[in-house]
1. Right, GLY145: surrounded by fewer than 18 Cβ atoms within 10 Å (Cβ to Cβ) and under 16 Å from the mean Cα position of the chain (by Cα) or not?
2. Hey, any hits in segment 122-132 for a residue that's at pLDDT below 80, crowded, with 19+ Cβ neighbours inside 10 Å and either touching a Leu at 6+ places or on another chain (Cβ under 8 Å) or within 21 Å of SER65 (Cα to Cα) (or both)?
3. Only one of (1) at pLDDT 75 or above; (2) surrounded by 13 or more Cβ atoms within 10 Å (Cβ to Cβ); (3) not hydroxyl-bearing (Ser, Thr, Tyr) fails for PRO96. Which number is that?
4. Would you mind finding the one in ILE87, ILE79, ILE33 that is within 17 Å of the chain's Cα centre (by Cα) and modelled with pLDDT under 70?
5. Pairs please, first residue from segment 159-174 and at negative phi, second anywhere and of a type in the set (A, V, I, L, M) and part of a loop (DSSP other than H, G, I, E, B), Cβ atoms under 8 Å, 6+ apart in sequence or on different chains.
6. Quick check on segment 213-236: of everything there that is among the basic types (Lys, Arg) and either over 25 Å from the mean Cα position of the chain (by Cα) or farther than 19 Å from ARG196 by Cβ (or both), which residue is modelled with the lowest pLDDT?
7. Just checking, does segment 170-187 include any residue being among the acidic types (Asp, Glu), modelled with pLDDT under 85 and open to solvent by 30 Å² or more (accessible area, probe 1.4 Å)?
Amino acid sequence: MGRAEAAVLSRDYPPLPGSFVMRLVGVVAWVLIAALGVPTLGGAVVGFAAIAAAVAQDGQAAAESWLSPATVMYMFGVISVGSYLSIWWETRRRSPVDLAISGASALAAAASWVVLALSPISAEGWPPLLIIATAVIGTVTFLLGAFSKPEGRPKNRKPPRRGPRGDKRTRAAKARQRLLEVVVHRGLVDLDEADRIRVGEMPLGYWNELDGLSEREWRRLLERRHVGWREFDAKG
C-alpha cells in the first residue's frame, strides 16, 4: 500500500486550466476574509481604539459618537473570546493564534477599562459590561490555553503534512482514491467496505504505516486514521 501511494504522490501533476484565475479568486477571497476578520477576531483591539478616540473628544456628546461603535466592537470581542473558550473546552486545542487573539483581547479590554475609569466621560450600560466580559473571558481563555495539558479528542489532532501542496494535493488525493478502488476491485488488497472507507480517510502520504502490521495493529491504526502515524502510541 505504501509503495503504491508513494508512486501516486510522486507524479508530476500539471497545473489545471484556469489555475491562475483560481489563484486570483483565492487571493481576493483571503482579502475579504481578512477584512471581515479584523473587526470580528480583533474586535477588542478595534474597540480600544474607539474608546481612545471617544476619550480624546471634547465633551460627552462628541464622545457618544465613538462609544456606539466601541460597543459593537466589544460585542464581537465577547463572541470571539467566547468561541475560543468553547473550542478549548471541546478539544483542548492550544493554538498560537488562539493565544494571541485571546491575550490581545484581554489586554485591550483591560486598557479600555483603565482609560474609561480615568477619563471624565460617562460610559454606562453595555460598554463597561462588554469590556469587563471580554477582559475576563479573554484572560481565562489565554490562561487555559497557555497552561492546560494539550489533551483532547484524537480526531482534532493533525499529523504532519506529507505529499504535494496546493491544487496538486487535491488531484493527488483523488488519484489515490481511484488507486484504492482499483486495488480493491482486483483483489490485490482484501478490504471490506468499512475498512475501504477508513483507508481512504487516512491522511495523504500515510499508507506506508499500514505495511507490515499485524491485524491488531492494523485495526488500531485505522481507528485513529484521522491522526494516525505509528509514533502516535497509547500515550497520545
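1. On the way: surrounded by fewer than 18 Cβ atoms within 10 Å (Cβ to Cβ): no; under 16 Å from the mean Cα position of the chain (by Cα): yes.
No, not satisfied.
2. yes
3. (2)
4. Numbers: ILE87 fails: modelled with pLDDT under 70; ILE79 fails: modelled with pLDDT under 70.
Only one candidate passes the filter, namely ILE33.
5. Every condition considered, the pairs that remain are PRO159/VAL227; ARG161/LEU204; ARG162/LEU204; ASP167/LEU16; ARG169/LEU204; ARG171/LEU16; ALA172/LEU204; ALA173/LEU204.
6. That would be LYS235.
7. So in segment 170-187, the residues among the acidic types (Asp, Glu) come out as 181.
Applying the additional criterion that residues be modelled with pLDDT under 85 yields none.
No, segment 170-187 contains no residue that is among the acidic types (Asp, Glu), modelled with pLDDT under 85 and open to solvent by 30 Å² or more (accessible area, probe 1.4 Å).
The values are calculated or read from the model by the stated rules, or taken from the named source; none is laboratory data. All values derive from a computational prediction rather than experimental measurement. So basically every Cβ, Gly included, is an ideal-geometry build from the backbone, and we count neighbours across all protein chains shown. Accessible surface areas use protein heavy atoms only, side chains included; no ligands, DNA or RNA. Shrake-Rupley method; radii C 1.70, N 1.55, O 1.52, S 1.80 Å.
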